[in-house]
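> Supplied in structure tokens, the structure appears directly below.
The values are calculated or read from the model by the stated rules, or taken from the named source; none is laboratory data. Bear in mind the structure is a predicted one, so any value in this text is a computation, not a measurement. Quick reminder, even Gly has a Cβ in these numbers, built from the backbone with ideal geometry, and neighbours come from all protein chains shown.
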Amino acid sequence: MVKRLKPVFALALCLFVAILVIPAALVLPFYDGKVAKLAEQLHKQNQTQRSQAAEGPSVEVAVYRSKEQRVEKIPLEQYVIGVVAAEMPAEFELEALKAQALTARTYIVKQLLANQPFRLPEGANVTDTVAHQVYYSDDELRKLWGSDYDWKIKKVTKAVLETRGQIITYNNQPIEALFFSTSNGYTENSEAYWKNEFPYLKSVASPWDRQSPKFYQRKWMSVAEFERRLGVTLSQNGSVGVILSRTPGRRVGEVNIGGKTFTGREVRERLGLASADFTWVRQGDDIVITTKGYGHGVGMSQYGANFMAKEGKTYADIVKHYYRGVHISSATAFLNKLTAKK
């Protein structure tokens, strides 16, 4: 048998419950709003922290602006955007632009670590020319791209931000991230063009380059101009020269012209050719020179990278194809060394 509560006790119990429930019911919506807002703030803060961790410490690049003849300090990732925009067409595939972003970032990190201001204006880390990496400011890009500026800068920025804080390393050190426009079907060993040999800069096949508009080039030159530039006298039998050897990248190693021996690089530079893979034919008082490829041929082929991306390859696939045995690593540890010196 259940006993009934006394009226006074029942009233007191109802009041007690009301005191507990009503304030909670009034406050709960506001409390939930504050919690949601606080959670959102914490989420944004965590995102910012993760972003900063990905980018690494704040580092500036002192760029000598050659036209203005002054040194300008630019945040590292902003500098990389300006280099990618200057060095690779924005029309290229996003994954190719990402690969270019890695080469640009790797180059500048290695340059900053070396701290060798040889032939640089005081206070500069690099110039904005081909002597280092070409760099365009935002204002320069607006003038260059005109009405295409918005979509081009958005695409280039996306490529840089999606690879931020990443560099290419070999044996835990930043590599010499060399690149060029178009190969002759193969990249070149570094020591076949320059004196230094690097294990990751070895000749690899790059068959995609045949699709490049720069694959074939033709140049006409008078016999007199040809002789003057090379300091030779051609024979009267109509011959131009004899190729003595080829490099691992199928370019001219050495050639004999008019009794003198030249490297393929020497001929390319003296005659202003697009590549060291050349053939020629004499037509009366002229020499017609045909080249395959565009550039020195060492490292990453830009057009090769673009056509690899069109086939569905990622920037990691591209980088690891052209630079043998490398890894994609965080730049944070290297950037910490730079900030520690300050």
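> Which one is surrounded by the fewest Cβ atoms within 10 Å (Cβ to Cβ) among residues in the stretch 317-342 that are without any contact (Cβ under 8 Å) to a residue 60 or more places away in the chain and over 23 Å from ASN184 (Cα atoms)?
By that ranking, first place goes to LYS342.
> Being outside any helix (DSSP H, G or I) and either modelled with pLDDT of 95 or more or of a type in the set (Asp, Glu) (or both) narrows it down to one residue among LYS154, LYS195, LYS202; which is it? Quick ask: steps written out before the conclusion?
Details: LYS154 fails: outside any helix (DSSP H, G or I); LYS195 fails: either modelled with pLDDT of 95 or more or of a type in the set (Asp, Glu) (or both).
The conditions single out LYS202.
> Taking the conditions exactly as written (of a type in the set (D, E, K, R) and surrounded by fewer than 16 Cβ atoms within 10 Å (Cβ to Cβ)), does ASP128 satisfy them or not? Spell out the reasoning first.
Working: of a type in the set (D, E, K, R): yes; surrounded by fewer than 16 Cβ atoms within 10 Å (Cβ to Cβ): no.
So ASP128 fails the test.
> Which residues, taken from the stretch 82-91, are farther than 15 Å from THR129 by Cβ and surrounded by fewer than 24 Cβ atoms within 10 Å (Cβ to Cβ)?
Across the stretch 82-91, the qualifying residues are PRO89, ALA90, GLU91.
> With the requirement that a residue be of a type in the set (A, V, I, L, M) and surrounded by fewer than 21 Cβ atoms within 10 Å (Cβ to Cβ), what does the stretch 92-125 give you?
The first filter runs over the stretch 92-125 and keeps only residues of a type in the set (A, V, I, L, M), leaving 94, 96-97, 99, 101-102, 104, 108-109, 112-114, 120, 124.
Hits for the stretch 92-125 are LEU94, LEU113, ALA114, LEU120, ALA124.
> Only one residue in ARG250, ARG218, ARG265 is charged (D, E, K, R), at positive phi and touching a residue at least 60 places away in the same chain (Cβ under 8 Å), so which one is that?
Working: ARG218 fails: at positive phi; ARG265 fails: at positive phi.
Only one candidate qualifies: ARG250.
> On the basis of being under 30 Å from GLY312 (Cα atoms), out of contact with any strand residue (DSSP E or B) (no Cβ under 8 Å at 6 or more places or on another chain) and at pLDDT below 95, does SER147 make the cut?
Numbers: under 30 Å from GLY312 (Cα atoms): yes; out of contact with any strand residue (DSSP E or B) (no Cβ under 8 Å at 6 or more places or on another chain): yes; at pLDDT below 95: no.
Criteria not met by SER147.
> Additional query: Against the definition (free of Cβ contacts under 8 Å to residues at least 40 places away in the same chain and under 19 Å from SER181 (Cβ atoms)), how does VAL84 come out, yes or no? Don't jump to the end; show me each part of the working.
Working: free of Cβ contacts under 8 Å to residues at least 40 places away in the same chain: no; under 19 Å from SER181 (Cβ atoms): yes.
In short, no.
> Answer yes if at least one residue in the stretch 66-78 is in a helix (DSSP H, G or I), in contact with a Phe, Trp or Tyr (Cβ under 9 Å, 6 or more places away or on another chain) and not polar (S, T, N, Q), and no otherwise. Spell out how you get there, then give the answer.
Going residue by residue through the stretch 66-78, those that are in a helix (DSSP H, G or I) are 76-78.
With in contact with a Phe, Trp or Tyr (Cβ under 9 Å, 6 or more places away or on another chain) added as a condition, the list becomes none.
No, the conditions are met nowhere in the stretch 66-78.
> If you check LEU141 against the conditions, is it surrounded by 13 or more Cβ atoms within 10 Å (Cβ to Cβ), more than 17 Å from GLU77 (Cα to Cα), out of contact with any Pro (no Cβ under 7 Å at 6 or more places or on another chain) and not acidic (Asp, Glu)?
No, not satisfied.
> Which strands (runs of 3 or more DSSP E) does the stretch 256-342 wholly contain that include 1 or more residues that are acidic (Asp, Glu)? Give the derivation first.
Numbers: elements: 260-263, 278-283, 286-292, 327-330.
Counting at least 1 such residues, we get 286-292.
> Still on this structure, I have one more. Determine which single condition GLU55 fails, assuming it passes every other condition in (1) of a type outside the set (A, V, I, L, M); (2) closer than 22 Å to TYR315 by Cβ; (3) at pLDDT 95 or above.
(3)
> Still on this structure, please answer the following. Every residue in the stretch 213-245 that is basic (Lys, Arg) and either surrounded by fewer than 16 Cβ atoms within 10 Å (Cβ to Cβ) or in contact with a Cys (Cβ under 8 Å, 6 or more places away or on another chain) (or both), please. Outline the logic, then answer.
If we filter the stretch 213-245 for residues that are basic (Lys, Arg), which is where we start, we get 214, 218-219, 228-229.
Listed by number, the residues that qualify are ARG218, LYS219, ARG228, ARG229.
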